[in-house]
Amino acid sequence: MKKLELINAYEGWFARYKWNLFGTLTFRRRDIPYWMADRTFWTWIIEIDNADGRDDFRWVRVTERGAFDDNLHFHVLVGGLKNGSKWPWLVRWQELAGDAVLSYYFLRSRTAIRYLVKTARPDCDFEIKYDL
């Protein structure tokens, strides 16, 4: 499988779902250990699910580390929200970890999915986590 085929496969898979939010989550600490970043994400996503998630709550997270492996951050898709407002979750991420850029996902914005999975390669590790 080639890189483009893998990206297209992920894009097709995730495009079958309805999404509310797309974004990038960063950290104040440039040297944050992965385990701490992962735990912070889990705190955030569980709070979203508990406060605003429907029965079909879902999310996708891709980890990126930057060109020099020194900029750990996450790209996310979140769907299945009752209210769907990005503001409480943007503020909450800022309280927990660092900066958040969250946008509302529109049906025609498949470029968000492509951006999310842009680092997928069949010949190396691609860290993706999801709950669909």
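The values are calculated or read from the model by the stated rules, or taken from the named source; none is laboratory data. Since we're looking at a predicted model, the values are computed, not measured. FYI the Cβ positions are ideal-geometry reconstructions off the backbone, even for glycines, and counts take in every protein chain you see.
For the condition of a type in the set (Gly, Ala, Ser) and in contact (Cβ under 8 Å) with a residue 40 or more places away in the chain, what is the one hit in 79, 53? Give the derivation first.
Numbers: 53 fails: in contact (Cβ under 8 Å) with a residue 40 or more places away in the chain.
Result: 79 is the single residue among 79, 53 that is of a type in the set (Gly, Ala, Ser) and in contact (Cβ under 8 Å) with a residue 40 or more places away in the chain.
Take residue 66 and tell me if it is surrounded by 13 or more Cβ atoms within 10 Å (Cβ to Cβ) and either at positive phi or not hydrophobic (A, V, I, L, M, F, W, C) (or both). Before you say what the answer is, go through the steps one by one.
Numbers: surrounded by 13 or more Cβ atoms within 10 Å (Cβ to Cβ): no; either at positive phi or not hydrophobic (A, V, I, L, M, F, W, C) (or both): yes.
It is false that residue 66 is surrounded by 13 or more Cβ atoms within 10 Å (Cβ to Cβ) and either at positive phi or not hydrophobic (A, V, I, L, M, F, W, C) (or both).
Output the residues belonging to segment 83-120 that are in a helix (DSSP H, G or I) and modelled with pLDDT of 95 or more. Working first, answer last.
Applying the first criterion (in a helix (DSSP H, G or I)) to segment 83-120 yields 87-96, 110-116.
Within segment 83-120, 87, 88, 89, 90, 91, 92, 93, 94, 95, 96 qualify.
Counting just the residues of segment 69-80 that are in contact with a Lys or Arg (Cβ under 7 Å, 6 or more places away or on another chain) and in a loop (DSSP other than H, G, I, E, B), which one comes out surrounded by the most Cβ atoms within 10 Å (Cβ to Cβ)?
Only one residue fits best here, namely 72.
Within the group 8, 20, which residue is modelled with pLDDT under 95 and surrounded by 14 or more Cβ atoms within 10 Å (Cβ to Cβ)? Spell out the reasoning first.
Values: 20 fails: modelled with pLDDT under 95.
So the residue among 8, 20 that is modelled with pLDDT under 95 and surrounded by 14 or more Cβ atoms within 10 Å (Cβ to Cβ) is 8.
Looking at 79, 98, which is the one that is over 17 Å from residue 127 (Cα atoms), small (Gly, Ala, Ser) and in contact with an Asp or Glu (Cβ under 8 Å, 6 or more places away or on another chain)? Walk me through it before giving the result.
Values: 98 fails: in contact with an Asp or Glu (Cβ under 8 Å, 6 or more places away or on another chain).
Step by step, each of 79, 98 is checked, and only 79 is over 17 Å from residue 127 (Cα atoms), small (Gly, Ala, Ser) and in contact with an Asp or Glu (Cβ under 8 Å, 6 or more places away or on another chain).
Filter segment 36-53 down to residues that are surrounded by fewer than 18 Cβ atoms within 10 Å (Cβ to Cβ) and under 11 Å from residue 72 (Cβ atoms), then give me how many there are.
2
Among the listed residues 38, 49, 55, which satisfies the condition of being part of a helix (DSSP H, G or I) and within 22 Å of residue 106 (Cα to Cα)?
Numbers: 38 fails: within 22 Å of residue 106 (Cα to Cα); 55 fails: part of a helix (DSSP H, G or I).
Of the residues listed, the single one that is part of a helix (DSSP H, G or I) and within 22 Å of residue 106 (Cα to Cα) is 49.
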